[in-house]
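All of the numbers you see were taken from the coordinates with simple rules; none came from a lab. Here the structure is a predicted model, which is why all the values come from computation and not from measurement.
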Amino acid sequence: MIAAPAPIADGPAVSGRTWRGRGRSLPAGTTYAGRMLSRRDAAIRLDIPLEMAARHGIPSHISEAELERIEQDPPAWLVQSRGNRTGSKRVWAHLECAVCGFSEQERPKKWWPEWTLLVCDDHDEVPPPASGTTRHLVYGIGSRFTALVDEPA
């Protein structure tokens, strides 16, 4: 007789991303020792692009201990990458819904406007614009957000 596999605990992952499905997440920066992190989560923690993580050999899944070792004693390419930054361009943007609090980390796009509020695409009830301003919507921010941009009338 074959035994059923042990259930996987529905626990959260790192950086506000969900572990076993949507809706179960912790705030960014929450970690658990012994968990395997994805390359994307490692890139977010190291504050480098995903492409750079792949190019420099960060495996598709990395242990928390290995990532901490890289953070404590960064390789030469990571030290150089951090030294080359001018500070003008963000590597990762933290996106958070103003209505429900859902959040994700995403690479910022040049076309993203400076928004007043950011909400999930499926929210109909949003705060009204301030008096004396007009609002326009920008769709397609991150995986599921709409930017509400208020401008003086």
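Under Stokes-Einstein, with the Kirkwood radius over Cα pairs standing in for Rh, what whole-number D in µm²/s applies to the stretch 26-133 at 20 °C and 1.002 mPa s?
131
How would the stretch 111-153 be classified by its alpha-carbon gyration tensor: rounded, prolate or oblate, with rounded meaning a/c under 1.5 and the a/b versus b/c comparison settling the rest?
Oblate is the answer for the stretch 111-153, as a/c is 1.5 or above yet b/c matches or exceeds a/b.
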